[in-house]
Amino acid sequence: MIKSDLIRGHLETVILKLIIEQDRYGYEISNTIKERTENQFIIKEATLYSVVKRLEERGLIESYIGTLTHGKKRRYYRITTFGKTYYKEKISEWKEFKLIIESLLEA
Amino acid sequence: MKRIRNFVKNTFKNYPKEEREKLIKSVTEMLTEKVEDLVENGYLLEDAINKTVTEFGSIEDFEDIKIHKKRFRIKNLSHYKNDILFSIVSVIIIIGILAYVNLYFKQVIWFVIPSLALLFWPLSMIYKYLNRKGSEKENRDD
């Protein structure tokens, strides 16, 4: 498993992206991360919760109670307009960062 | 589900009150959702709860939310000096009263005995002060 410290700084962006794709609830987010990385990265609920909480406090996402098809309740998160803008900014930052590291380490 | 709630409660027991209730509520909610999902995917309730609890991580994974550890007051040398001063003044007052009562009623000289015991208070304060002073000097020398 990859060192989680490296990912930590980008977790916000990752979670924002997942929520932009569609409204998701907590476990759905961690499950999707697990699936997409093919078990290479597993986010702990403790970490997930603190990131989500922070995003919500900053008004990047908001939560509402949704109902699954069989009637169980889930707290879903959806992106706000501010969140979208923030995400775009973060993505361009990431691209820039990637280029810099690439030019330095893979030269 | 009571186990989940207890687990969360226990995890955040050191958080300040104002934040704690809300925190426990929402984390419990999130973990309960997970347990429900796992059960739906074929886990036994017991196993689902175990899995959720072990995968939660520790309080250290709870990054960036300020962990409000109780800040202990760090005593420095002047605090210890104040302790000594306080104990000395108190002891003088108490011994004074005892002596006054003793002599006023012209009894046998008994006040010396409780006074002796009382003197151990400033004595221990001085001991602590010197101890602290010594260890600080040691730290400086390093």
Task: The listed residue being at the interface with chain A (Cβ under 10 Å from one of its Cβ atoms), at pLDDT 85 or above and either in contact with a His (Cβ under 7 Å, 6 or more places away or on another chain) or loosely packed, with under 14 Cβ neighbours inside 10 Å (or both), out of B:Glu40, B:Glu33 - done: B:Glu40
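Looking at region A:25-63 only, could you name the residues that are outside any helix (DSSP H, G or I), under 19 Å from B:Lys22 (Cα atoms) and within 12 Å of chain B (Cβ to nearest Cβ)?
First pass over region A:25-63, keeping only residues outside any helix (DSSP H, G or I): A:25, A:37-44, A:58-63.
If we keep only those that are under 19 Å from B:Lys22 (Cα atoms) too, we end up with A:25, A:58-59, A:61-63.
Scanning region A:25-63 gives A:Tyr25, A:Arg58, A:Ser63.
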Task: Which numbered condition B:Asp83 misses (of (1) modelled with pLDDT under 90; (2) surrounded by 15 or more Cβ atoms within 10 Å (Cβ to Cβ); (3) more than 30 Å from A:Lys72 (Cβ to Cβ); (4) acidic (Asp, Glu)) - done: (1)
Task: Failed item, numbered, when A:Tyr87 is tested on (1) within 14 Å of another protein chain (Cβ to nearest Cβ); (2) touching a strand residue (DSSP E or B) at 6+ places or on another chain (Cβ under 9 Å) - done: (1)
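The values are calculated or read from the model by the stated rules, or taken from the named source; none is laboratory data. It should be emphasised that the depicted structure is a prediction, and the values quoted were computed from it without experimental measurement. Quick reminder, even Gly has a Cβ in these numbers, built from the backbone with ideal geometry, and neighbours come from all protein chains shown.
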